[in-house]
Amino acid sequence: MRLARMRSELLCLLAFALLPVAVRAQAPVFQASPQKSSVTFFVKASVDLRGTFKKWDAALSFTSANVTTGSLKIMIDAATVDTGSGMKNGKLRSKDFFDVEQNPTISFQSTGVVQTGPVTFDIPGTFTIRGVSKRETLKLTITGKGTRTGEIKGTMAFDRKDYGMTSGIPFVKIADRVEVDVDLKVKQVSGPSLVYKE
């Protein structure tokens, strides 16, 4: 009788210890396809300034099936900026703008997820560029809701002077507002389907 009770208690303790692992196993897991995705930016100017980044990484994770438990992290190699102009690329890499020698990474780390419509979300987070971090919001729209593949498109706008980028580019008059566009092709590789607010 005592042995049976000890065995029962041991099984209960073991089940309790494994519970967090079991809960984590129920979280959806997504992967982004860099080859089909992009991170680009646009600045209104006398000659519009558009560019992309050749190297970056995005991680999308959830702690449960509830879509509002999501976390998005984007890490960009600032030195891989490409505007199609060597002069502009060099200026953007300099200490007046990205300062890639001292701050090689541009990043966005979400701090929450707010569903604003059936397929739209506000993603507040910490945006860091040239070593300066501030709160910004990425506005997302998704396609493929309810399936295991889809697309996440997001836009974030910021004032470059808030991050110490107060210089100009020779022969080009540029605005202070910078628009960043994120286009991620994602695939769910495991876990249950996400649950959205209807």
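Derivation of every value follows stated rules applied to the coordinates shown; laboratory data play no part. Note that this is a predicted model, so its numbers are computed, not measured. Glycine also receives a Cβ, built like all others from the backbone with ideal geometry; neighbour counts cover every protein chain displayed.
Sorting Y196, Y163 from the fewest to the most surrounding beta carbons within 10 angstrom yields Y196, Y163. Using the Cβ-Cβ distance between S167 and S133 with R0 set to 25 Å, the FRET efficiency works out to roughly 0.80. Computed across the chain, the Kirkwood hydrodynamic radius from all distinct Cα-Cα pairs reaches 19.0 Å. Which residue, D122, D48, D57, tops the fluctuation ranking in a GNM of the chain built on C-alpha contacts under 10 Å? For the chain, modelled as a Gaussian network with Cα springs under 10 Å, the answer is D48. Dividing the summed helix terms, -39500 (n - 2.57) for each DSSP H run of n ≥ 4, by the number of residues in the chain produces a 222 nm estimate of -5500 deg cm²/dmol to the nearest 500. Between S85 and D48, the contour length at 0.36 nm per residue exceeds the alpha carbon distance by 12.1 nm. Each label point was placed 7 Å from the Cα along the Cα-to-Cβ direction; for Q109 and S37 their separation is 1.8 nm.
In the structure shown, the pairs K134/K197; K134/K173; K55/K173; K54/K173; K145/K185; K134/K187 are assessed against 22 Å; a Cα-Cα span above that value is assigned to K134/K197; K134/K173; K55/K173; K54/K173; K134/K187.
For T147 and S61, the difference between the fully extended length at 0.36 nm per residue and the C-alpha to C-alpha distance is 29.3 nm.
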